[in-house]
Structures are given as structure tokens and as C-alpha cells.
1. Would it be correct to say that K136 is closer than 30 Å to D76 by Cα and surrounded by fewer than 13 Cβ atoms within 10 Å (Cβ to Cβ)?
2. Based on what the data block shows, is V86 within 14 Å of the chain's Cα centre (by Cα), surrounded by 13 or more Cβ atoms within 10 Å (Cβ to Cβ) and at pLDDT below 95?
3. Condition (residue is within 10 Å of V183 (Cβ to Cβ), modelled with pLDDT of 95 or more and touching a Leu at 6+ places or on another chain (Cβ under 6 Å)) applied to the stretch 131-148: is it met by at least one residue?
4. Could you give me the residue pairs with C-beta distances under 9 Å whose first residue belongs to the stretch 166-192 and is touching a residue at least 24 places away in the same chain (Cβ under 8 Å), whose second residue is charged (D, E, K, R) and in a loop (DSSP other than H, G, I, E, B) wherever it lies, and which are 6+ apart or on separate chains?
5. Go through the stretch 25-64 and give me each residue that's of a type in the set (V, I, T), surrounded by 11 or more Cβ atoms within 10 Å (Cβ to Cβ) and assigned to a strand (DSSP E or B).
6. Test each condition in (1) closer than 21 Å to F98 by Cα; (2) not assigned by TED's automatic domain parsing to the domain that holds A104 for D195 and report the one that comes out false.
7. Kindly indicate the residue of the stretch 91-137 that is in contact (Cβ under 8 Å) with a residue 40 or more places away in the chain and of a type in the set (S, T, N, Q) and also nearest to F80 (Cα to Cα) among those meeting that condition.
8. Of the residues A191, A115, A154, A176, which is surrounded by 15 or more Cβ atoms within 10 Å (Cβ to Cβ), small (G, A, S) and touching a Pro at 6+ places or on another chain (Cβ under 9 Å)?
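The values are calculated or read from the model by the stated rules, or taken from the named source; none is laboratory data. Worth saying up front: this structure is predicted, and the values here are computed from it rather than measured. Here the Cβ positions follow ideal geometry from the backbone for every residue, glycine too, while neighbour counts run over all protein chains shown.
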Amino acid sequence: MTDPSFTLSADAGALDRLSAAVKGAGAKTPPVERWNPPFCGDIDMRIAADGAWFYNGTPIGRPALVRLFASILRRDPERFVLVTPVERVGIAVEDAPFLAVEMAVAGDGLGRTIAFRTNVDDLVHVDAAHPLRFDKDEGGGIKPYVLVRGGLWALVTRALTFDLVELGEDRAVDGALMFGVGVGEMFFPIAPASDKATS
């Protein structure tokens, strides 16, 4: 028998039912990777490139509600979905689903650690399971991301990007000199060292 507290539908009441479903799940970060309910279509929910969440074209202004929905966000191969134990709906994501809004750096060299806080209050320590990646924006500038969980990335804000790049250094990677960021024994290349002046 289906638990009505987990019922989700792509109509005008979806937001309320989704909120109730998340609260019913109990855990701060529900085990969405273990849930495989049927896909019930898309709802008019969008995460903008600046991290703002919208429902039916209206901003979701309650941070607690955004955090609630973020806790059941999952990246399926074909789309981003909000998932409960019994239903799954697609949403639109313009860039990354999260923003990295705070950065903490400790130590240097092989002892350096870097951690980020996201706009939905996830705390992410950069490591093998939570790597950095560096893409290019339309103007050729650097767009860093950190993996939060399960294929969900956080875009590092512009202000933090400058701080992150300040930590950069040159290292040989597969015979090529690369400019990148070292965290512990890991190194995350940004670009060939010869491109530094234009990055």
C-alpha cells in the first residue's frame, strides 16, 4: 500500500506534497540513490544559474524549503529529478544545481585542505570523492566546480574563483606542465601553464 505522505504529483499541489514527502523521509539527506520509483513527468521547477530555485516561474523564497528539496535532488542519466520512495519528477537546472558560497583553506603543500559550504548548507571537503573540475565560460574564463554528491556539482562563485586560482601552482602532469590547485596529494589541473596569462 502506498504511503500518501510520499505521494508526488505534477499538478498545482506538487510543491506541498513534495514538501510533505521530504519531511516524512526523516533523514537530513535521504537515501535517494536507493529509491527507484516510476517517473511521473516534469514539474515547472527550475534551478537558475545563480542558484535560485523557481516554482511555476516564482522564486522559492524560503531557504528551509530550498534545502528540503535539495536533499532529494538526484542526477539521473537523462535528467535532474526530485525523488521520493514512490514517485520521481523532472526539474530544469540551468548550470550546476548548487553554488559553493564559502571556502575554507588550511595548511599548504601536501598538507593543504580545502572545504566549501554550498548555498544549501552542504559542507564539502575536497578529496578523491569530491574533486574539483575546471570548465571554461563563454568568454574563456575559468568556471570551477566541486562535486557534492551523486553527480551533483556546485559552481564556485566568482569571488571564490579568484581566491581558488590564487592557490594555483605549476606541476608536471603526464609530461605536460599544468597550472592547477593542489589539495593534499591530489592535483586538479586548470589549464596548461603556458595559458596562465590568458586564463
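1. yes
2. Answer is no for this residue.
3. yes
4. Matching pairs, first to second residue: L167/D108; L167/R112; V181/R112; G182/D108; G182/R112; V183/R112; G184/R112.
5. Hits for the stretch 25-64 are I43, I47.
6. Unmet condition: (1).
7. N119
8. Unique residue meeting the criteria: A154.
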